[in-house]
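S.K.: Before anything else, here's the structure in question.
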Amino acid sequence: MLIQNTPVTASCSTAPQGLHASALLTPARQKTLRGTVQCTGIGVHAGESATLRLLPAEPDTGIVFVRTDLKNGARSIKAQWDNVVETRLCTVIGNRYGSKVATIEHLMAALRAADVDNVIVEVDGPEVPIMDGSADSFVFLIDMAGVMVQDAPRRELVVLKPVEVKADGKHVALLPAEESQFDVSISFASALIQTQRYAFTLSQNGFKNEISRARTFGFYDDVEKMRALGFMRGGSLDNAIVVRDETVVNEGGLRFADEFVRHKLLDAIGDLFLAGAPIRGLFKGSCGGHTMHNKLLRALFADETAWVWQEAPALIPAAQA
Ligand SMILES: [Zn+2]
């Protein structure tokens, strides 16, 4: 299946596959995709076209990116916190051969929200296509592929005590909680944004309805400066909200009045999935971002008393929840 970097209208003969009701009563198992799907789009920073393919993977594979334009051996990069090599404009992972894949966070958020544990992500260039600047296209792709339960127990990372990182007026923390929760706030001088806060308990439908369509954003003057430095060559009003003088430049306006903070929450979901498994805990972020998210994971893993791996408990059917 192929979709282009335009509004997603492709139809598909494969119905989205959910779990069978009986599976909900058994202990949680790992999941992968049922089929292979792909899309083509532009990398926002280099501005080059890239094709992304999502393929099913064996249990305990995790999320592994494969640069198909590079030679065997140097082209695999596991999506894991200690492989993050750059966080200035987006999240970039790399391996010891110097191979990198950038802008992985929106795809990672969609995979996390769909409870996908194992997938091979093939990309034929240095960047995941930006699509419309949100996770919407990736949610669509995962739905089209379908999700399949595998014969292996699922583990999750349980936060046992608070861990926090503060820097330059930014503050991020992970705290113990019964579910995977996010509480994110941002503060900008722009009268259009000002202070926004969004609290969210992660669920597949909640992500689809409230978070996945929120686009990345930038300020007009910053975009011009970035372009002069050679960044954001693929950036356009098709893949980002652009704010200029307290107004949204994009013709269609905003998708949500608080789309900005919803997108920051989307980024946090994707970046924290680099823990290597779902996190059972509350993430709190105040003016955070990719750099702070990665620092928080490094702080978490540095304190072995702050977390524990646990076999994920059985899911409760919605009717009984
Ligand atoms: Zn983002």
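The values are calculated or read from the model by the stated rules, or taken from the named source; none is laboratory data. Just so it is clear, the structure is predicted and the values come from calculations on it, not from any experiment. Because the Cβ atoms are built from the backbone with ideal geometry, glycine has one as well, and the counts that use them run over all protein chains shown.
S.K.: Quick check, is LEU192 in contact (Cβ under 8 Å) with a residue 24 or more places away in the chain, more than 16 Å from the ligand (Cβ to nearest atom), aliphatic (A, V, I, L, M) and within 30 Å of LEU160 (Cα to Cα)? Please lay out each step first, then the result.
M.R.: On the way: in contact (Cβ under 8 Å) with a residue 24 or more places away in the chain: yes; more than 16 Å from the ligand (Cβ to nearest atom): yes; aliphatic (A, V, I, L, M): yes; within 30 Å of LEU160 (Cα to Cα): no.
No; evaluated as a whole, the condition is false for this residue.
S.K.: Being small (Gly, Ala, Ser) and within 16 Å of the ligand (Cβ to nearest atom) is the filter here; which residues of the stretch 99-146 pass it?
M.R.: Of everything in the stretch 99-146, those that are small (Gly, Ala, Ser) and within 16 Å of the ligand (Cβ to nearest atom) turn out to be ALA102, ALA109, ALA110, ALA113, GLY133, SER134, ALA135, SER137.
S.K.: Quick one: is ARG96 under 19 Å from PHE138 (Cα atoms) and away from the ligand (no atom under 16 Å from the Cβ)? Outline the logic, then answer.
M.R.: Details: under 19 Å from PHE138 (Cα atoms): no; away from the ligand (no atom under 16 Å from the Cβ): yes.
No.
S.K.: Report every pair of residues separated by at least 6 positions or lying on different chains whose Cβ atoms are under 9 Å apart, first residue within the stretch 258-275 and among the hydroxyl-bearing types (Ser, Thr, Tyr), second away from the ligand (no atom under 12 Å from the Cβ).
M.R.: none
S.K.: While we're on this one: Tell me yes or no: at least one residue of the stretch 53-65 is over 20 Å from ALA145 (Cβ atoms), out of contact with any helix residue (DSSP H, G or I) (no Cβ under 9 Å at 6 or more places or on another chain) and not basic (Lys, Arg).
M.R.: Taking the stretch 53-65 as the starting set, the residues that turn out to be over 20 Å from ALA145 (Cβ atoms) are none.
Checked the stretch 53-65: no residue is over 20 Å from ALA145 (Cβ atoms), out of contact with any helix residue (DSSP H, G or I) (no Cβ under 9 Å at 6 or more places or on another chain) and not basic (Lys, Arg).
S.K.: Follow-up. Could you grab me the full set of residues in the stretch 262-282 that are within 12 Å of the ligand (Cβ to nearest atom) and either surrounded by fewer than 21 Cβ atoms within 10 Å (Cβ to Cβ) or among the charged types (D, E, K, R) (or both)?
M.R.: Initially, the stretch 262-282 is screened for residues within 12 Å of the ligand (Cβ to nearest atom), giving 262-271.
Selection gives ARG262, LYS264, ASP267, ASP271.
S.K.: Only one residue in ALA102, ALA113, ALA57 is within 29 Å of SER203 (Cβ to Cβ), surrounded by 24 or more Cβ atoms within 10 Å (Cβ to Cβ) and either at pLDDT 95 or above or under 17 Å from the mean Cα position of the chain (by Cα) (or both). Which one?
M.R.: Details: ALA102 fails: surrounded by 24 or more Cβ atoms within 10 Å (Cβ to Cβ); ALA57 fails: surrounded by 24 or more Cβ atoms within 10 Å (Cβ to Cβ).
ALA113 is the lone residue from the list that is within 29 Å of SER203 (Cβ to Cβ), surrounded by 24 or more Cβ atoms within 10 Å (Cβ to Cβ) and either at pLDDT 95 or above or under 17 Å from the mean Cα position of the chain (by Cα) (or both).
S.K.: Would you point out which residue out of ALA189, ALA173 is at pLDDT below 95 and either aliphatic (A, V, I, L, M) or surrounded by 20 or more Cβ atoms within 10 Å (Cβ to Cβ) (or both)?
M.R.: Every option except ALA189 fails the conditions.
S.K.: Just to be sure before I move on: is PRO176 under 28 Å from PRO56 (Cα atoms) and either in contact with a strand residue (DSSP E or B) (Cβ under 9 Å, 6 or more places away or on another chain) or not hydrophobic (A, V, I, L, M, F, W, C) (or both) in the structure I sent? Break it down stepwise before answering.
M.R.: Working: under 28 Å from PRO56 (Cα atoms): no; either in contact with a strand residue (DSSP E or B) (Cβ under 9 Å, 6 or more places away or on another chain) or not hydrophobic (A, V, I, L, M, F, W, C) (or both): yes.
No.
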